[in-house]
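The values are calculated or read from the model by the stated rules, or taken from the named source; none is laboratory data. What you see is a predicted model; the values in this text were computed from it and never measured. All Cβ positions, even for glycine, are placed from backbone atoms using ideal geometry, and neighbour counts span all protein chains on display.
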Amino acid sequence: MQNKNKFSEISPEVLELSELCRANSTIDPTLYTKYDVKRGLRDLNGQGVLTGLTEISEVCSTEIVDGKRVPVDGKLFYRGYDVEQIVSGFIKDDRFGFEEVTYLLLFGKLPKQEELKKFTSLLDYYRTLPTSFVRDIIMKSPSKDIMNAMARSVLTLYSYDENPEDTSIPNVLRQCLQLISLFPILSVYGFQAYGYYHEDKSLIIHTPQPELSTAENILYMLRPDSKYTHLEAKLLDMALVLHAEHGGGNNSTFTTHVVSSSGTDTYSTIAAALGSLKGPKHGGANIKVVQMFEDIKAHVKDYADEEEIAAYVRKILHKEAFDKSGLVYGMGHAIYSLSDPRARVFKHFVESLSKEKGREDEFMLYSNVAKIAGRIIAEERKIYKGVSANVDFYSGFVYSMLDLPKELFTPLFAIARIAGWSAHRIEELVNPSKIIRPAYMNVQERRPYVGIGDR
């Protein structure tokens with residue numbers, strides 16, 4: 001019998017010691033209320049603790065009416081511009097929008113046509129990995145988790161940079177533009193390597209094309225025949241636009257600010273942001289939505305029967321179905337109440353793609369679940385601010401219709417959000433302040449030291 005891999009083994013000794021960790025690391029929950037601790041940097045009403053200022057984006061879910069704050073349909077602004085208007089603009093002109101939005105986030109202004117052309121050319125210029133990087137780094141020891149593979153690649157790029165520690169704005173901007181350009185390649189190639197070594201699939205590597213947008217290049221590199229429809233590319237582009245930025249307080253962007261405030265290099269900063277985004281409470285949520293709907297489809301016969309859907313949603317909510325967590329994934333948001341603007345934008349175009357893909361029934365199921373689940377959650381959990389579908393609710397469905405593998409769902413989020421992370425890193429460096437260091441209160445009683453023979 002082959003010896004067990006000791007590197008991954010949890011020994012009986014470790015199991016025993018882990019109980020010590022649990023017993024001596026548990027803090028009385030009442031102490032958080034006693035000392036007014038803002039857990040998750042949010043107060044009891046869900047309001048985020050103000051820890052910084054930004055001009056990059058604004059997330060709005062309430063307004064003042066007659067002196068009182070009331071919930072309204074959510075709004076998202078990039079550099080002061082309404083995202084819904086931005087999307088309408090490039091959709092009307094039948095243009096791709098991610099590059100334009102990246103320019104806006106980085107430089108604080110909407111580009112003119114010539115400025116956008118130069119910028120896209122610059123991104124293409126940087127869309128090349130160092131010599132032998134694919135062979136020596138991506139293809140060796142491929143990871144089952146593409147986010148981890150991307151983080152490793154990002155940290156390794158430090159070694160290829162002649163000025164990795166230079167935190168001047170020109171150098172950091174150069175590094176950020178390179179990472180924005182390279183993220184699609186790192187994710188797709190990382191997935192191809194994973195498929196080849198772990199799934200016995202053919203290894204097909206396509207070189208990105210200079211005339212294609214970021215969204216088009218992702219589909220071009222990912223698919224064996226490099227073919228895609230215009231609607232597919234447009235919807236993926238929209239997904240990138242809607243995921244590009246969401247305020248300074250989301251976990252991965254705040255991580256970017258925290259790590260940047262220490263004065264460290266760009267590669268370490270972005271690797272840390274990737275680690276944050278990977279978490280299922282953040283960037284990994286859309287995978288759970290897809291898995292939940294696979295379960296719903298297995299148990300609900302009539303997608304138009306609202307009573308049948310409601311009955312099964314209640315089972316999920318009561319921890320009797322799906323993963324028994326009691327969560328209806330893709331419903332609700334820490335900030336938005338009545339509606340998530342990103343979900344509103346998505347919904348119309350998702351419907352169009354569902355018709356192209358012959359999946360109208362599935363879209364109807366998604367729409368009915370969103371409507372029914374919001375009502376049931378608000379009733380049973382007594383949530384008065386409102387519960388609506390968030391961007392994760394539809395993004396997973398979009399990616400599945402695009403035949404994108406689940407392994408790339410969160411990396412696609414990263415491909416988009418690197419634009420926002422880059423803007424926030426530059427903003428942190430342009431406005432230098434103290435290292436971000438919030439307070440933690442010690443609640444452990446002081447004890448006299450006891451010699452080893454007397455314990």
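Conditions (1) under 30 Å from GLU84 (Cβ atoms); (2) touching a helix residue (DSSP H, G or I) at 6+ places or on another chain (Cβ under 7 Å), marked per residue:
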{"site": "ARG174", "(1), (2)": "no, no"}
{"site": "LEU177", "(1), (2)": "yes, yes"}
{"site": "TYR189", "(1), (2)": "no, yes"}
{"site": "ALA193", "(1), (2)": "no, yes"}
{"site": "TYR197", "(1), (2)": "no, no"}
{"site": "LYS201", "(1), (2)": "no, yes"}
{"site": "SER226", "(1), (2)": "no, yes"}
{"site": "LYS234", "(1), (2)": "yes, no"}
{"site": "THR255", "(1), (2)": "yes, yes"}
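Contact list please: Cβ distance under 6 Å, first residue in segment 247-265 and on the phi > 0 side of the Ramachandran plot, second residue not acidic (Asp, Glu) and not in a helix (DSSP H, G or I), pairs at least six apart or on different chains.
Note: pairs meeting the criteria are GLY247/SER57; GLY247/VAL59.
Give the residue that is farthest from GLY247 (Cα to Cα), with candidates limited to residues of segment 299-352 that are surrounded by fewer than 21 Cβ atoms within 10 Å (Cβ to Cβ) and in contact with a Leu (Cβ under 7 Å, 6 or more places away or on another chain).
Residue satisfying both the conditions and the ranking: TYR303.
Considering only residues that are exposed (fewer than 14 other Cβ atoms within 10 Å of the Cβ), among the aliphatic types (A, V, I, L, M) and modelled with pLDDT under 90, look in segment 29-75 and name the one that is farthest from ASN250 (Cα to Cα).
VAL65
Of the residues LEU242, LEU231, which single one is out of contact with any His (no Cβ under 8 Å at 6 or more places or on another chain), within 24 Å of GLU351 (Cβ to Cβ), assigned to a helix (DSSP H, G or I) and modelled with pLDDT of 95 or more? I'd like the intermediate steps shown before the answer.
Working: LEU231 fails: modelled with pLDDT of 95 or more.
Of the residues listed, the single one that is out of contact with any His (no Cβ under 8 Å at 6 or more places or on another chain), within 24 Å of GLU351 (Cβ to Cβ), assigned to a helix (DSSP H, G or I) and modelled with pLDDT of 95 or more is LEU242.
Show the residue pairs that are 6+ apart or on different chains and have beta-carbon atoms under 6 Å apart, the first residue being within segment 219-244 and surrounded by fewer than 22 Cβ atoms within 10 Å (Cβ to Cβ), the second being among the charged types (D, E, K, R).
LEU231/GLU356; ALA233/GLU216
Which residue out of THR269, THR229, THR264 is over 30 Å from ARG381 (Cβ atoms) and in contact with a Lys or Arg (Cβ under 9 Å, 6 or more places away or on another chain)?
Details: THR229 fails: in contact with a Lys or Arg (Cβ under 9 Å, 6 or more places away or on another chain); THR264 fails: in contact with a Lys or Arg (Cβ under 9 Å, 6 or more places away or on another chain).
It is THR269.
Any idea which residue in segment 153-177 is surrounded by the most Cβ atoms within 10 Å (Cβ to Cβ), counting only those that are within 23 Å of GLU407 (Cα to Cα) and touching a residue at least 24 places away in the same chain (Cβ under 8 Å)? Please lay out each step first, then the result.
First, the residues of segment 153-177 that are within 23 Å of GLU407 (Cα to Cα): 153-157.
Checking the rest, the ones that are also touching a residue at least 24 places away in the same chain (Cβ under 8 Å) come to 153-155, 157.
Numbers: SER153: 26, VAL154: 24, LEU155: 16, LEU157: 23.
Across segment 153-177, the extreme among qualifying residues is SER153.
Within segment 18-77, take every residue that is hydroxyl-bearing (Ser, Thr, Tyr) and part of a loop (DSSP other than H, G, I, E, B) and give me the one that is nearest to the chain's Cα centre (by Cα).
Going through segment 18-77, the residues hydroxyl-bearing (Ser, Thr, Tyr) turn out to be 18, 25-26, 30, 32-33, 35, 51, 54, 57, 61-62.
Next, from what is left, pick out any that are part of a loop (DSSP other than H, G, I, E, B): 25-26, 35, 51, 54.
Working: SER25: 30, THR26: 30, TYR35: 32, THR51: 21, THR54: 20 Å.
If we take residues in segment 18-77 being hydroxyl-bearing (Ser, Thr, Tyr) and part of a loop (DSSP other than H, G, I, E, B), then THR54 is nearest to the chain's Cα centre (by Cα).
Quick one: how many residues across segment 376-401 are modelled with pLDDT of 90 or more and over 17 Å from the mean Cα position of the chain (by Cα)?
3
Just need a number here: residues in segment 295-323 that are in a loop (DSSP other than H, G, I, E, B) and under 24 Å from the mean Cα position of the chain (by Cα). Explain how you work it out, then say what you get.
Quick first cut of segment 295-323, residues in a loop (DSSP other than H, G, I, E, B) only: 300-305, 318-323.
Still in the running and under 24 Å from the mean Cα position of the chain (by Cα): 322-323.
Number of matching residues: 2.
Among the residues of segment 406-414, are any small (Gly, Ala, Ser), part of a helix (DSSP H, G or I) and not assigned by TED's automatic domain parsing to the domain that holds MET292? Don't jump to the end; show me each part of the working.
Restricting attention to segment 406-414, the residues satisfying the condition of being small (Gly, Ala, Ser) are 414.
After this cut, where a residue has to be part of a helix (DSSP H, G or I) as well, the list is 414.
Still in the running and not assigned by TED's automatic domain parsing to the domain that holds MET292: 414.
Yes: one or more hits.
From ARG152, ARG127, ARG95, which residue is basic (Lys, Arg), in a helix (DSSP H, G or I) and at pLDDT 95 or above? Before the answer, list the steps.
Numbers: ARG127 fails: in a helix (DSSP H, G or I); ARG95 fails: in a helix (DSSP H, G or I).
That would be ARG152, the only listed residue that is basic (Lys, Arg), in a helix (DSSP H, G or I) and at pLDDT 95 or above.
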